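Here the structure comes first, spelled out in structure tokens, and everything after it is commentary.
Any read-out appearing in this document is the output of simple, stated calculations on the displayed coordinates, not a laboratory observation. Being a predicted model, the structure only gives us computed values, none of them experimental. Using ideal geometry, Cβ is built from the backbone for each residue, glycine included, and neighbour counts are taken over all protein chains shown.
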Ligand SMILES: Nc1ncnc2c1ncn2[C@@H]1O[C@H](COP(=O)(O)OP(=O)(O)OP(=O)(O)O)[C@@H](O)[C@H]1O
Ligand SMILES: [Mg+2]
């Protein structure tokens, strides 16, 4: 089978905060339609990688190529417009807005109205609004959240709030969705549902780069996995390769073993 087209190529990116090298020459590749994960212990530099991908932080060294174009050190808005959207480690929703309104906020990021059209609510503007609403409903249906359409985001159970945040990221029309610990704070049943949800998105052709600590989610949804520890890349490979990699086991269990020795 021919290799899928490369969507994202991260080449040796580095980020320093004062004396700390938070991300130290990290590289990764994501092809269209893949689910790729970045894992590593707390403080490994995972979220910092996402913050460079989304233009929140400038890169000190290295390159980020998206769809063949360099995007490192671009403005966050330009990066969303280029087709990268994200969710956050701590859920960020408009909790006093309805589910459909949260999705429409995502959809509006890609709409370019001129001032006249929006202030005077021209026919073109209203048609565009109706189209956006229809698309948002369709998206909610495909994701299985349509029955919550008119509920306030704050009234959704935790697992569905996470799903809604992912849906809003998708509604921007992004080609690449970045998920920062989507299973954080979930109970085992919610994580299992999330796993199913991510696999469904993959079947629908979405491309996902995910940071996650829940190993059952990581091992069940990822095509490939990158591991970083103290900012440095330590391993990459297929889920079964990563699960059996001594360096990875050491990075995760080192602390636990030391604790055991201390007792
Ligand atoms: N804005 C910042 N200023 C200073 N140091 C920072 C900043 N952002 C991150 N760091 C540091 O960079 C390192 C990596 O942090 P990062 O949040 O990327 O880790 P992480 O792998 O996402 O961890 P976790 O699994 O706990 O979310 C940490 O030592 C952190 O304290
Ligand atoms: Mg993080």
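Things to note:
- Each peptide in 185-192, 30-37 receives the mean, over its residues, of other Cβ atoms within 10 Å, and ordering these scores from highest gives 30-37, 185-192.
- Estimated 222 nm signal from helices in the chain, with DSSP H stretches of n ≥ 4 weighted -39500 (n - 2.57), rounded to 500: -12500 deg cm²/dmol
- Centre-to-centre separation between the Cα atoms of region 139-155 and those of region 78-100: 15 Å.
- Share, in percent, of DSSP beta bridges within the chain that are antiparallel, nearest 5: 55 percent
- Square roots of five times the Cα gyration tensor eigenvalues for region 1-115, Å: 26, 19, 16
- Centre-to-centre, using Cα atoms only, region 175-196 and region 20-73 are separated by 20 Å.
- Segment residue 82-residue 120, length gained on full extension (0.36 nm per residue, minus Cα span): 10.8 nm
- Once Rg and the Kirkwood radius are both taken over the C-alpha atoms of region 161-236, their ratio Rg/Rh works out to 0.96.
- Residues 143, 137, 225 in ascending order of nearby Cβ atoms (within 10 Å, fewest first): 137, 143, 225.
- Cα gyration tensor shape of region 55-196, rounded if a/c is under 1.5, else prolate or oblate by comparing a/b with b/c: oblate
- Packing here is the average count of other Cβ atoms within 10 Å per residue, and on that basis the peptides 99-105, 18-24, highest first, run 99-105, 18-24.
- Translational diffusion of the chain, µm² s⁻¹ [Kirkwood Rh, Cα pairs; Stokes-Einstein; 37 °C; 0.692 mPa s]: 168 µm²/s
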